[in-house]
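Everything below concerns the one structure shown next.
The values are calculated or read from the model by the stated rules, or taken from the named source; none is laboratory data. Predicted model only: the values in this text are computed from it and were never measured. Using ideal geometry, Cβ is built from the backbone for each residue, glycine included, and neighbour counts are taken over all protein chains shown.
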Amino acid sequence: MHERKNPAPTETPIHEILTHRWSPRAFDARPVEREKLRALFEAARWSASSYNAQPWYFIVATRDEATDFKKVLECFVEFNQGWAKSAPVVAISVAGMTFQHNGQPNRHSFHDVGQAAATMALQATALGLQVHQMAGILPDKAREVFHIPEGYEAVAGIALGYPGDPASLPDQLRERELAARQRKPASSFVFGSEWGKPSPIVAK
Ligand SMILES: Cc1cc2nc3c(=O)[nH]c(=O)nc-3n(C[C@H](O)[C@H](O)[C@H](O)COP(=O)(O)O)c2cc1C
């Protein structure tokens with residue numbers, strides 16, 4: 001198994017499950033155990049959500065489900081298909097856009113689908129797996145191919161599995177896979193008295 005050597009270089013110490021989560025493009029061919037896959041969706045299931053509406057849905061296929069795997073892959077943009085086709089599991093997250101209890105629009109459905117995906121990604125890291133989410137999907141194609149009903153929107157693509165050897169990637173992607181990890185400083189997005197003014201919690 002290929003462990004990434006450069007965990008997130010944080011400004012402040014955080015849990016290692018967070019520093020070790022990352023989004024690989026090279027995946028090992030090894031299939032993901034069914035029990036572990038179930039654990040990923042169980043983790044998603046226990047995410048927080050507005051009104052506990054749980055507006056997340058996932059269309060998922062493993063490599064051995066060849067027809068469905070191909071169908072999911074077809075809903076990714078070409079660039080993402082290029083690397084995601086090597087993952088042992090691919091998925092599409094879908095959001096329910098209205099509350100079932102009152103039929104009103106759920107302004108936080110994408111937010112909550114993102115939370116479920118993040119929770120799943122951390123559970124994956126805990127199990128030695130990694131999740132790579134993708135904005136680059138074809139939502140209309142996903143609606144057509146999987147008969148996603150009105151009131152539901154495809155949100156993101158997901159490729160997951162055990163991380164693989166970066167040497168398996170074309171040059172440009174390999175460089176990105178091995179590049180130093182970067183983030184904006186916390187002081188650029190955590191504000192206090194006024195928009196744009198760093199909170200004393202994170203001010204340097
Ligand atoms: C909602 C979302 C959409 C993303 N879309 C893509 C994508 O279409 N293609 C891709 O290769 N990576 C995509 N990524 C991965 C990001 O580029 C990656 O998370 C970011 O560079 C930070 O790297 P890290 O996850 O390894 O920390 C996406 C990530 C998220 C959360």
>> Going through LEU73, LEU18, LEU37 one at a time, which residue ends up being within 13 Å of the ligand (Cβ to nearest atom) and either surrounded by 14 or more Cβ atoms within 10 Å (Cβ to Cβ) or not charged (D, E, K, R) (or both)?
In response: LEU18
>> Tally up the residues in the stretch 100-120 that are crowded, with 20+ Cβ neighbours inside 10 Å and not charged (D, E, K, R), please.
In response: 6
> Any idea which of (1) under 26 Å from ARG107 (Cβ atoms); (2) over 15 Å from the mean Cα position of the chain (by Cα); (3) within 16 Å of the ligand (Cβ to nearest atom) is the one SER49 doesn't satisfy?
Replying inline: (3)
> Regarding ARG63, is this residue modelled with pLDDT under 95 and under 17 Å from VAL131 (Cα atoms)?
Replying inline: no
>> So, in the stretch 155-196, how many residues would count as being under 30 Å from ARG107 (Cβ atoms), of a type outside the set (A, V, I, L, M) and near the ligand (Cβ under 10 Å from one of its atoms)?
In response: 2
>> If PRO31 satisfies all but one of (1) under 15 Å from PRO163 (Cα atoms); (2) within 16 Å of the ligand (Cβ to nearest atom); (3) surrounded by 14 or more Cβ atoms within 10 Å (Cβ to Cβ), what's the number of the condition it fails?
In response: (2)
> Restricting the first residue to the stretch 93-115 and requiring it to be free of Cβ contacts under 8 Å to residues at least 24 places away in the same chain, which pairs with a second residue that is surrounded by fewer than 19 Cβ atoms within 10 Å (Cβ to Cβ) and aromatic (Phe, Trp, Tyr) meet a Cβ separation below 8 Å and a spacing of at least six or different chains?
Replying inline: PRO105/PHE99
>> Please go through the stretch 81-119 and give me each residue that is out of contact with any His (no Cβ under 9 Å at 6 or more places or on another chain) and under 21 Å from GLU65 (Cα atoms), ordered by number.
In response: GLN81, GLY82, LYS85, SER86, PRO88, VAL89, VAL90, ALA91, ILE92, SER93, VAL94
> Which of the residues that make up the stretch 177-204 are of a type outside the set (Asp, Glu), surrounded by fewer than 11 Cβ atoms within 10 Å (Cβ to Cβ) and at negative phi?
Replying inline: ALA179, ALA180, GLN182, LYS184, SER193, TRP195, PRO200, ILE201, LYS204
> Which condition number in (1) away from the ligand (no atom under 11 Å from the Cβ); (2) crowded, with 18+ Cβ neighbours inside 10 Å; (3) farther than 17 Å from TRP22 by Cα; (4) of a type in the set (S, T, N, Q) is the one that SER93 fails?
Replying inline: (1)
> Can you name the residue in the stretch 126-145 that is under 10 Å from the mean Cα position of the chain (by Cα) and hydrophobic (A, V, I, L, M, F, W, C) and is also surrounded by the fewest Cβ atoms within 10 Å (Cβ to Cβ) among such residues?
Replying inline: ALA135
>> Contact list please: Cβ distance under 7 Å, first residue in the stretch 15-32 and modelled with pLDDT of 95 or more, second residue more than 12 Å from the ligand (Cβ to nearest atom) and of a type in the set (Phe, Trp, Tyr), pairs at least six apart or on different chains.
In response: PHE27/TYR162; ASP28/TYR162; ARG30/TYR162
>> Quick test of your reading of the structure: PRO7 fulfils all but one of (1) modelled with pLDDT of 95 or more; (2) within 13 Å of the ligand (Cβ to nearest atom). Name the failing condition by number.
In response: (1)
>> Against the condition of a type outside the set (Ser, Thr, Tyr), within 13 Å of the ligand (Cβ to nearest atom) and buried (at least 19 other Cβ atoms within 10 Å of the Cβ), how does GLN123 come out, does it pass?
In response: no
